[in-house]
Amino acid sequence: MEGTAPKTESTEHEATEQTEQTGHGATEQAPHEATEQAARKAYEDSATRSGYDGTSTERWALEPDKRPGRTAFQRDRARVLHSASLRRLAGKTQVVTPGTSSQIWDASPRTRLTHSLECAQVGRELGAALGCDPDLVEACCLSHDLGHPPFGHNGEQALNEFAADCGGFEGNAQSLRLLTRIEPKHFVTSPVTGELVSVGLNLTRAALDAATKYPWPRGDHPTDPTSRKFGVYEDDRPVFDWIRKGAPGTRTCFEAQVMDWSDDVAYSVHDVEDGLHAGHIDPNCLHAEPERQAVFAVAIGRYVPADTDPQELAEALDRLLEQEWWPHGYDGSAVAQARLKDATSQLIGRFCLAAEGATRARYGTGRLTRYAAELVVPRAARLECAVLKAVADRYVMQRAEQERLRADQRIVVAELAQALTDRAPDGLDPQFRALFDKAQDDRARKRVIVDHIASLTDASARSLHLRLTTRPQGPRGG
């Protein structure tokens, strides 16, 4: 990666932000005063209809409504739902690689897309029950995993190692980057170069804030300095700072907390459901003391704090086992499938009602939005949820064949990253090739390579890896 290119999109983003403190794109998007006034009135009308203030419904780049009567958050939800980034999640690993088929695993395991849809359904209903705008919560739930790379958290680890010298990689920070920069939907003219610059889906401030699970940069975790979790790369700080305008420190907004709990509920319950359906989890094992202790050992330090008393986890597991709807066996019959699905529904309802009841007990019956409240999740519910995560981890993710597959996946990502580093812009899709050509230094060019790899599905990552790493066959001798 040699040579010097024009200013990066990051620099343009900063300059755009500096010239748009009052309009957030009005200069480029709406040159005529009448259009700007119409757009501002649309924001005010949308805010009135949604119950959120005008700051919440503001967009980075000002734009008028296409169809009167829709709220700002209905537009946000539609934009995420129709995005290519959301569709690509159908080909990205949740727990098991999409398309996996064998004698012991169902041919249709959950993917990042199905998980996101299920998370959105849970979040929409829980949020609405607490007074949030349901379209806003659904939009942030649909958005929360957009930045995950191929091969799930395994790919995230490999990309973070590759990107160590250009700001690292984190799926949540990548989601913000997709929503505000990479996903092509809305463009403004850069005041620096005069070129068109992507502002991503151009969602409202409230939607972007609600999709931000970790509102701090790399290395700035507010309570755990060793944590690798963060929500923004350094060159995305201008739009991040705009999103967080008026937010209290590193606190997440109420809608983000609803999304976070809905995410936990959806994946903990559904991973266990998939494990039972596939035959990896024998529910009778959860009565055997050695197996129980193994599950608790997985949970402690990973899903609950390291100082958690195992007895609390035992009590949490026993509370679930004592429920009349808990599946004590599974043979794959239609009746067993229906009972398992009922158990899934019961668990989701149990966890959501626990949070709803505790939150209402603290804050009353009014509408809870933005920074007016904190989601209250009882400790008992968190422990039960953590036990389910540990069960799926112990019996599904820790299987020997899964570890072998994960090792191979890490090799694919590492070799693909190196091949693109050696050959770029060859191998990059047109969108990323253009960004690569504009990047001003090796650090910026490396970030483009990371963005490209993160956008790939599991299958397309393997296909591109094969194409770039396979030596061409020479002509055969006579």
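The values are calculated or read from the model by the stated rules, or taken from the named source; none is laboratory data. Remember, predicted model here, so these are calculated numbers, not experimental data. When we count neighbours, we look across all protein chains shown, and the Cβ atoms used for this are built from the backbone with ideal geometry, even at glycine. In case anyone asks, the SASA skips ligands and DNA or RNA and just uses the protein heavy atoms, side chains included. Shrake-Rupley method; radii C 1.70, N 1.55, O 1.52, S 1.80 Å.
Quick notes on this one:
- When a 1.4 Å probe is rolled over the protein heavy atoms, the share of accessible surface on the stretch 293-357 that falls to carbon and sulfur comes to 49 percent.
- Ellipsoid equivalent to the stretch 304-405 - semi-axes via the Cα gyration tensor, in Å: 29, 19, 14
- Gyration tensor (Cα) of the stretch 373-478, equivalent ellipsoid semi-axes in angstrom: 39, 24, 9
- Taking a Cβ cut-off of under 15 Å around Ala361, the surrounding Lys, Arg, Asp and Glu residues balance to a net charge of +1, with basic ones at +1 and acidic ones at -1.
- For the stretch 116-229, a simple Cβ point-charge model (Lys and Arg +1, Asp and Glu -1, everything else neutral) yields a dipole of about 200 debye relative to the Cα centre.
- Calculated diffusion of the stretch 162-237, Stokes-Einstein form, Kirkwood radius summed over Cα pairs, 25 °C and 0.890 mPa s, µm²/s: 182 µm²/s
- Spacing of the two label points (7 Å from each Cα toward its C-beta) at Ser345 and Asp241, in nm: 5.1 nm
- Annotation for Leu468 and Asp437: the two label points, set 7 Å from Cα along the Cα-Cβ direction, are 1.8 nm apart.
- Radius 10 Å from Cβ of Trp216, net charge of other residues (Lys, Arg +1; Asp, Glu -1): +2
- When each of the peptides 260-269, 217-226 is scored by how many other beta carbons lie within 10 Å of its residues on average, the order from highest to lowest is 260-269, 217-226.
- Overall form of the stretch 341-393 per C-alpha gyration tensor (a/c, 1.5; a/b vs b/c): prolate
- Packing-based order for 337-344, 127-134, 406-413, using average beta carbon neighbours within 10 Å, highest first: 127-134, 406-413, 337-344
- Size of the stretch 234-320 as Cα extents on the principal axes (Å, biggest first): 53, 31, 25
- Extension gain, His221 to Glu234, is 3.2 nm, computed as 0.36 nm per intervening residue step minus the present C-alpha separation.
- What the Cβ-Cβ distance of Arg404 and Ala164 gives, at R0 = 41 Å and to the nearest 0.05, is a FRET efficiency of 0.95.
- Fully extended contour minus Cα-Cα distance, from Trp325 to Arg70, at 0.36 nm per residue: 87.7 nm
- Heavy-atom accessible surface of the stretch 153-228: percent carbon and sulfur, 1.4 Å: 49 percent
- Cross-linked pairs Lys92/Lys245; Lys66/Lys185; Lys66/Lys92: Cα-Cα separations exceed 26 Å for Lys92/Lys245; Lys66/Lys92.
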